[in-house]
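The values are calculated or read from the model by the stated rules, or taken from the named source; none is laboratory data. Note that the structure is predicted; figures quoted are calculated from it, not measured. Cβ: placed from backbone, ideal geometry, glycine included. Neighbour counts: every protein chain shown.
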Amino acid sequence: MIESPMPVRFGPDGLVPAVIVEAVTGDVLMVGFMNDEALRHTRRTGYVHYWSRGRHTLWKKGEPSGHLQEVVQISVNCELNSLLIEVNQRGAVCHDGYPTCFYRHLEPDNSLTQVRERWFDPADVYGGKSGLASSTRRWWGAYESLRAHDWESTSGTSRLLRAGDDRVTVRLAEELRELAGALDGSHRHVGAKSDVTLEGGQVCYWVALRCIRDGLTWIQVRPDRALDAPPTVDETAATSLAGLLRREADFWETGANLDISALAHGTLAMVASACAVFGIPASSLIVADLNDMRTRSYLAPYFEAAEGR
């Protein structure tokens, strides 16, 4: 089937402005720019995409932060040269931390008056170019990319994320029990420290898959906070922690009515505590997984966009 031409008049630069409004409240959230590719991605996926005039690349709103814009309706003006897009906005839209980019009034004396309250500190959500917040956002976003794109022929993870069955939960529970065994000595591959690193990384992987399969965002789970600087745990506490991990596995298997984002956060915090027993930085589990994903050619466009290369 031949796709009909887009009924939009793009400007000389190939762009069209898009005014974004909250579908429920009617609040104006932001103004962005789209080229033909961004508009087609928006219509196909149901989530707003833009063309970055500064980075000259396509980007999905909310991909690093989780503040996605779900499309409700797209309207075109009388001259076909601008768009009005009604969305269901997840979280705050503005990178300054406000619920709208228009959070200031221009006064007669040319001063600016803030009229909206800030919803979050940008440092908590966006961080810098390094640190656990930044690395876990890239990590989470990579798996979201694997779910969003049809790479099932080359990626087993993509197949799992797109299949929607419950193998993910089964494997998560299994890996939690193996991490417990690595802690109390009942499950050994090489040595305690190496085994905790291996099994802890596996638990992180399956937690991410379960959450992302269900559409949970980084901001809903905050893996950076879960993994960051747990209390010091000595080896005498390993046995009791192993018991908690086994109970956590039971929760995942039977917890149909539980808050998955809260359960995931707690599970990742337990991984951090298990790592602390042997002095393993929990961040190293994420870095190792990221380094592995960077070797996958199909994820190269994601990392180039996420890391500004």
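Data overview
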| read-out | value |
| --- | --- |
| Selected residue (only one of GLY91, GLY14, GLY32, GLY62 is in a loop (DSSP other than H, G, I, E, B) and either more than 20 Å from the chain's Cα centre (by Cα) or of a type in the set (A, V, I, L, M, F, W, C) (or both)) | GLY14 |
| ALA173, sole failed condition from (1) at pLDDT 90 or above; (2) farther than 22 Å from GLY243 by Cα; (3) among the small types (Gly, Ala, Ser) | (2) |
| For SER240: the one exception among (1) assigned to a loop (DSSP other than H, G, I, E, B); (2) more than 28 Å from the chain's Cα centre (by Cα); (3) exposed (fewer than 14 other Cβ atoms within 10 Å of the Cβ) | (1) |
| Positions within the range 254-309 being of a type in the set (Phe, Trp, Tyr) and closer than 21 Å to GLY181 by Cβ, in sequence order | PHE278 |
| Evaluation of GLU79 against (1) over 27 Å from ILE212 (Cβ atoms); (2) surrounded by 12 or more Cβ atoms within 10 Å (Cβ to Cβ); (3) at pLDDT 95 or above (one fails), failing number | (2) |
| ARG118 vs. criteria modelled with pLDDT under 90, surrounded by 14 or more Cβ atoms within 10 Å (Cβ to Cβ) and either assigned to a loop (DSSP other than H, G, I, E, B) or of a type outside the set (D, E, K, R) (or both) | yes |
| Hits in the range 29-56 (condition: surrounded by fewer than 21 Cβ atoms within 10 Å (Cβ to Cβ), under 21 Å from PHE303 (Cβ atoms) and touching an Asp or Glu at 6+ places or on another chain (Cβ under 8 Å)) | TYR47 |
| The listed residue being loosely packed, with under 15 Cβ neighbours inside 10 Å, in the same structural domain as ALA282 (by TED's automatic domain parsing), assigned to a helix (DSSP H, G or I) and not hydrophobic (A, V, I, L, M, F, W, C), out of SER158, SER153, SER194 | SER194 |
